[in-house]
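S.K.: I'd like to ask some things about the structure below.
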Amino acid sequence: MCRLAAVTSREYISPMEPILALETMKEGHDGSGLGLTLKDLGGAFEKLKKYPVLSGICSNSGKKVLDDFMKKQGFKLKHEWNPKIKPVKDIAAHDHYFARVYDYPAAYKNKPMEEKEDLLMNTRLAVRKSGEPDESIFAFSFYPDVITLKEVGDPLQVAEFFGLDKDGLKAKIVLAQGRQNTNYAIYLYACHPFFIQGYCSMTNGENTAFVPIREFLSSRGFPGYMGYNSDSEVFTHILHYTTRQLGFPLQYYKDVITPLKATEIEKRPGAGALRLIKQSLRPLCIDGPNMIIGFTPDGACFMVHDSKKLRPGVVGGVKGKYALMSEECGVDSAVPKRDRSKDIFPMKYDMVIVSPQAEEVKVWNQLHGQA
Amino acid sequence: MEPATRPGIGLDHNHQLSLREFPYIIRWRDDRCKRCGKCTAVCPVKAIVPAVKGARTVTSEGPVPTPKAVRSITHVVEQVTDMERYCTGCGACTLVCPNEAIEPEYNQQNKFLHYKNKGGDGYKRGGRRNDPSISTLDRLKFTRISMLTDPALDAGRHEFRIRSLLGRIMRPEDLPLAAEGGNLVLDKKKNIFVPPVREIYPIMIGSMSVGALSPPMWEGLAMGVAYLNEVEGLPVVMASGEGGMPPRLLRSKYLKYFIIQIASGYFGWDEIIHALPHMVEDPAAIEIKYGQGAKPGDGGLLMAQKVLKLIAKIRGVPQFIDLSSPPTHQTKYSIEEAVAKMIQSMSMAWGFRVPVYPKISGTKTAKAVLNNLARNPYAAALSIDGEDGGTGAAYNVSMDKMGHPIASNIRECYLDLVKQGKQNELPLIAAGGVGKRGNLAANAAALIMLGASAVSIGKYIMQSAADCFGDEYNRCSLCNTGKCPRGITTQDPKLYRRLDSDRVAERVVEVFKAADVELRKIFAPMGRSTELPIGMSDGLSIDDKAMAERLGISYAC
């Protein structure tokens, strides 16, 4: 079982905060990897918010391929951030870790965001495809104001390896996952969080319904629904599919992955719509054991469980800063000064949504269809 | 030279058959038999007869041999060597014998099929494919067991929703939805046709007609199904088979638990159409039969001896005539006509409130039908009946040699739908050999994980609910003759009074409740409870590499 730590804040925070929170939950992960996604970036990135950031890892040969490819696509490099690598025992360093800020190709500068998003995703996929066979390039995300870092190893050691404790890298939302490897190979693309077109999520627990969900997503004809080196990647793609592609409000994510029983649906406002949603999205129903933490492009963060609540999760904090964690000790680490009695332990019908800028937290109840 | 076998010339019995040629040989115990005559009376085919034998016993008493011949008469039970009266092995004689003196024994060396074609007609029978080997379904194992990384669920404690959908399911993109105050509601302004969809139990009772089945059998099944729905909360549905339905049932509230079949003979549809204005509930669905697993490409047949008064009335035909349905729907000539127009007509008859789907026999061409249906937004499902499906009457060659196994047929159809992204839109119903060796829940679960939305059973329920004698050694298989010794497939009151419809209903309920428990016991350790694991092929393995490759599952040994 992995451990998850997310912090959303009005002020910029260091990614070390959720990583230190992960450290308090160390019993729950085996150090087989750390994944970090940062959104709403500060520091040097603060002034570059509208430009897409390509995050990834490459070898020396991959770097040249990447440079040539991006140039050919018309992307102009505006800024590059590289972690100052500090060699750490047990972590085999790759040649280059990067977060590169690009300017859009001229033809796309005035295009609507949706088209830009498709360009960015397709570019990321092309980069991934070219570097995947020889593992010369890994591309994790390519989107404005988002950075993703991943490496195999103990989270705290990986943070040290990246020098995150000394680097000025900051963000308002940080998702961190300490990986407990389960049935799948230890591989960088299997490391959470997963990101697609502004939507990001990380999960703990196996996904027993993985294969039918993967087949359903893969057959939507959307090029971004690929990869699936981890069974958890589908949670991110379901989020993207229901909210971006189908245009459902965020809380319907809960209705899609853990649909109500027929008798419960009848009592919900909008039962007719819900019944059809349940039928049409039947293959996306998960069966746990899972707890999912994620964010949407507007900066809202959420936590949701499988319908049997087979994994723990807690949300706590103060106005302006909330922590969404696998365990209470993680919240204590990230937001020690808070009223613990107000901590939220979402139950099977609940979806906790923290609004953008950590303004407020709401618990949306699926049974009643309201917060 | 005159042949020695001509009457009056020779006594070597040459053109007669010995019992070794017969599929079952009666083992009769002289020492136990009390000559009550029950066995010979009950034998449905008169394969055994009471006979009188003369015996000559030579005895000698005293120290010097003084042989004395005593002639006596004994009564025996004798098996006849007439192929028209072969012992079917049903064992009705054993059941009625008070002294356990008689029993048929399967004879592996039999040459039955060499001889069972008298008069130049092939062997016709009821029953199932006579293949006792272990089917693919029974070789499939559930190998993805949750334990530590993903804890197994508790079959007794957790809530399980073992339900499926029958009906055309809309593409999520096409749903008529509108946002209203942050919620989604149905957008009626869009005026989009939303196809009818039923939530059903994933094991259904397949098509067996009133006529093929005896009144108490059909009634027992129907009562069991109604009880399961009304009392047990299990939405089990049952298909009528071709031949209509009892008129009172058509007009009752229980009609919603029944799927009405229309086949190429249209038997019973006059009655159904006339009942339409009086129906208080819609049926669960309409099944258009194009084929069945037991006799692919062959029509239905109800033999004259089964067409008694009630059946004649329901079907709208005279009594005691052979009722054969043609192999195809004669009014149609192409797949577009046969499928699309039929679906359209049937949908229209019920105001597009009832799912309408075709049933075909397992075939290499199933994908062609599938793709036609996938493009037809009114097609509610596709039911595929594999080669192990049973029947009331067919040529032996059709049953034994024609058709396609269900496992790979359903799998390739499912994967074809996956390729098109329509795996959730068109439910597949799998039939043919489900529960062949008694593993109902396991076979059903395996087919579901291969991609079926539901499975259909026939023979299994006849055996488990009404103790049908049939097996894969051609035991009994008299369904076509109207002489069913269990009273299941007969219209002869003398025979069907043996069957108690209440007991059949009770058994139906027990069977489904037990299957429900077993399905939980399969799904729980695999970490599935909320939704039926349709297409969860990573849960399955098989001990044969070629089969694993064909089914797209893992090989395990």
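S.K.: Go through segment A:202-226 and give me each residue that's assigned to a loop (DSSP other than H, G, I, E, B), in contact with a Phe, Trp or Tyr (Cβ under 8 Å, 6 or more places away or on another chain) and either modelled with pLDDT of 95 or more or among the β-branched types (Val, Ile, Thr) (or both).
M.R.: A:220, A:222, A:225
S.K.: Moving on. Does segment B:212-219 include one or more residues that are open to solvent by 20 Å² or more (accessible area, probe 1.4 Å), modelled with pLDDT under 95 and under 20 Å from residue B:347 (Cβ atoms)?
M.R.: No; the residues of segment B:212-219 include none that is open to solvent by 20 Å² or more (accessible area, probe 1.4 Å), modelled with pLDDT under 95 and under 20 Å from residue B:347 (Cβ atoms).
S.K.: Then there is this: Please state which one of B:125, B:198, B:129 is open to solvent by less than 70 Å² (accessible area, probe 1.4 Å), more than 14 Å from chain A (Cβ to nearest Cβ), within 28 Å of residue B:431 (Cβ to Cβ) and not in a loop (DSSP other than H, G, I, E, B).
M.R.: Of B:125, B:198, B:129, the one residue that is open to solvent by less than 70 Å² (accessible area, probe 1.4 Å), more than 14 Å from chain A (Cβ to nearest Cβ), within 28 Å of residue B:431 (Cβ to Cβ) and not in a loop (DSSP other than H, G, I, E, B) is B:125.
S.K.: Where the second residue is crowded, with 24+ Cβ neighbours inside 10 Å and outside any helix (DSSP H, G or I) and the first is touching a residue at least 60 places away in the same chain (Cβ under 8 Å) and aromatic (Phe, Trp, Tyr) and lies in segment B:414-428, which pairs have Cβ atoms under 9 Å and are six or more apart or on separate chains?
M.R.: Here the result reads B:414/B:423; B:414/B:428; B:414/B:451; B:414/B:452; B:414/B:534; B:414/B:535, each pair linking segment B:414-428 to a residue that is crowded, with 24+ Cβ neighbours inside 10 Å and outside any helix (DSSP H, G or I).
S.K.: Given the condition in the same structural domain as residue B:438 (by TED's automatic domain parsing), under 30 Å from residue B:446 (Cα atoms) and buried (at least 22 other Cβ atoms within 10 Å of the Cβ), answer yes or no: does some residue in segment B:147-157 qualify?
M.R.: yes
S.K.: Within segment A:198-214, can you find the residues that are farther than 18 Å from residue A:288 by Cα and open to solvent by 10 Å² or more (accessible area, probe 1.4 Å)?
M.R.: A:199
S.K.: Filter segment A:160-180 down to residues that are out of contact with any helix residue (DSSP H, G or I) (no Cβ under 7 Å at 6 or more places or on another chain), part of a loop (DSSP other than H, G, I, E, B) and at negative phi, then give me how many there are.
M.R.: Number of matching residues: 3.
S.K.: Give, as residue ranges, the helices (runs of 4 or more DSSP H) completely inside segment B:446-539 that count at least 1 residues that are among the polar types (S, T, N, Q).
M.R.: B:459-466, B:501-523
S.K.: Can you find a residue in segment A:158-177 that is within 8 Å of another protein chain (Cβ to nearest Cβ), closer than 28 Å to residue A:54 by Cβ, open to solvent by 10 Å² or more (accessible area, probe 1.4 Å) and of a type in the set (D, E, K, R)?
M.R.: No, segment A:158-177 contains no residue that is within 8 Å of another protein chain (Cβ to nearest Cβ), closer than 28 Å to residue A:54 by Cβ, open to solvent by 10 Å² or more (accessible area, probe 1.4 Å) and of a type in the set (D, E, K, R).
S.K.: Now, a different point. Out of segment B:160-191, which residues are part of a loop (DSSP other than H, G, I, E, B), facing chain A (nearest Cβ under 8 Å) and either open to solvent by 80 Å² or more (accessible area, probe 1.4 Å) or in contact with a Gly (Cβ under 7 Å, 6 or more places away or on another chain) (or both)?
M.R.: The answer is B:171, and nothing else.
S.K.: Which numbered condition trips up residue A:307, out of (1) open to solvent by 40 Å² or more (accessible area, probe 1.4 Å); (2) out of contact with any helix residue (DSSP H, G or I) (no Cβ under 6 Å at 6 or more places or on another chain)?
M.R.: The failed condition is (1).
S.K.: Which members of segment B:405-444 meet the condition of being more than 14 Å from chain A (Cβ to nearest Cβ), part of a helix (DSSP H, G or I) and either among the charged types (D, E, K, R) or farther than 16 Å from residue B:550 by Cβ (or both)?
M.R.: Selection gives B:412, B:440, B:441, B:442, B:443, B:444.
S.K.: Which ones in segment B:316-352 are loosely packed, with under 12 Cβ neighbours inside 10 Å and part of a helix (DSSP H, G or I)?
M.R.: Within segment B:316-352, B:336, B:348 qualify.
For every residue, the table says whether it meets (1) touching a residue at least 24 places away in the same chain (Cβ under 8 Å); (2) under 24 Å from residue A:187 (Cα atoms).
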residue: A:49; (1), (2): yes, no
residue: A:52; (1), (2): yes, no
residue: A:61; (1), (2): yes, yes
residue: A:65; (1), (2): yes, yes
residue: A:70; (1), (2): yes, no
residue: A:77; (1), (2): yes, no
residue: A:82; (1), (2): no, yes
residue: A:86; (1), (2): yes, yes
residue: A:90; (1), (2): yes, yes
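Here's the yes/no breakdown for (1) of a type outside the set (A, V, I, L, M); (2) at positive phi; (3) in a loop (DSSP other than H, G, I, E, B):
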position: B:207; (1), (2), (3): yes, no, yes
position: B:216; (1), (2), (3): yes, no, no
position: B:220; (1), (2), (3): yes, no, no
position: B:228; (1), (2), (3): no, no, no
position: B:265; (1), (2), (3): yes, no, yes
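This table checks each residue for (1) over 27 Å from residue B:510 (Cβ atoms); (2) surrounded by fewer than 24 Cβ atoms within 10 Å (Cβ to Cβ).
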residue	(1), (2)
B:408	yes, yes
B:413	yes, no
B:416	yes, yes
B:429	no, no
B:432	no, no
B:438	no, yes
B:448	no, no
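S.K.: OK, next. Kindly evaluate residue B:456 against the criterion of being touching a strand residue (DSSP E or B) at 6+ places or on another chain (Cβ under 6 Å), away from chain A (no Cβ under 14 Å) and either more than 30 Å from residue B:322 (Cβ to Cβ) or among the small types (Gly, Ala, Ser) (or both).
M.R.: yes
S.K.: Out of B:486, B:503, report the one residue that is surrounded by fewer than 19 Cβ atoms within 10 Å (Cβ to Cβ), away from chain A (no Cβ under 14 Å) and modelled with pLDDT of 95 or more.
M.R.: B:503
S.K.: Ok, one more. Kindly evaluate residue B:32 against the criterion of being in a loop (DSSP other than H, G, I, E, B) and either touching a helix residue (DSSP H, G or I) at 6+ places or on another chain (Cβ under 9 Å) or open to solvent by 70 Å² or more (accessible area, probe 1.4 Å) (or both).
M.R.: Taking the combined requirement at face value, the residue satisfies it.
S.K.: Can you confirm whether segment A:294-307 contains a residue that is farther than 23 Å from residue A:9 by Cβ and away from every other protein chain (no Cβ under 14 Å)?
M.R.: Checking segment A:294-307: not a single residue is farther than 23 Å from residue A:9 by Cβ and away from every other protein chain (no Cβ under 14 Å).
S.K.: Looking only at strands (runs of 3 or more DSSP E) that lie completely in segment A:277-369, which have at least 2 residues being over 21 Å from residue B:531 (Cα atoms) and of a type in the set (Gly, Ala, Ser)?
M.R.: In segment A:277-369, A:314-318 are the strands (runs of 3 or more DSSP E) which contain 2 or more residues that are over 21 Å from residue B:531 (Cα atoms) and of a type in the set (Gly, Ala, Ser).
S.K.: Another question, then. Could you list, in sequence order, the residues of segment A:274-293 that are more than 8 Å from chain B (Cβ to nearest Cβ), open to solvent by less than 10 Å² (accessible area, probe 1.4 Å) and at pLDDT 95 or above?
M.R.: Result: A:284, A:292, A:293.
S.K.: Would you check which residues across segment A:229-270 are assigned to a loop (DSSP other than H, G, I, E, B), open to solvent by 20 Å² or more (accessible area, probe 1.4 Å) and over 23 Å from residue A:371 (Cβ atoms) and list them?
M.R.: If the condition is that a residue be assigned to a loop (DSSP other than H, G, I, E, B), open to solvent by 20 Å² or more (accessible area, probe 1.4 Å) and over 23 Å from residue A:371 (Cβ atoms), then A:229 is the only one that fits.
S.K.: Quick one: what pairs do we get from segment B:210-238, first residue in the same structural domain as residue B:517 (by TED's automatic domain parsing), second polar (S, T, N, Q) and in a loop (DSSP other than H, G, I, E, B), C-beta under 7 Å, 6+ apart or different chains?
M.R.: B:212/B:489; B:213/B:489; B:214/B:489; B:214/B:490; B:214/B:491
S.K.: Oh, and also: Which ones in segment A:350-366 are aliphatic (A, V, I, L, M) and away from chain B (no Cβ under 14 Å)?
M.R.: Correct list: A:352, A:354, A:358, A:361, A:363.
S.K.: Now a separate question. What residue, among those in segment B:508-557 that are over 30 Å from residue B:364 (Cβ atoms) and of a type in the set (Gly, Ala, Ser), is most open to solvent (accessible area, probe 1.4 Å)?
M.R.: Of everything passing the filter in segment B:508-557, B:514 is most open to solvent (accessible area, probe 1.4 Å).
The values are calculated or read from the model by the stated rules, or taken from the named source; none is laboratory data. If you're wondering where the values come from, they're calculated on a predicted model, not measured in any experiment. Every residue, glycine as well, gets a Cβ built from its backbone with ideal geometry; the counts of neighbours run over all protein chains shown. With ligands, DNA and RNA removed, areas are computed over all heavy atoms of the protein, side chains included. Shrake-Rupley method; radii C 1.70, N 1.55, O 1.52, S 1.80 Å.
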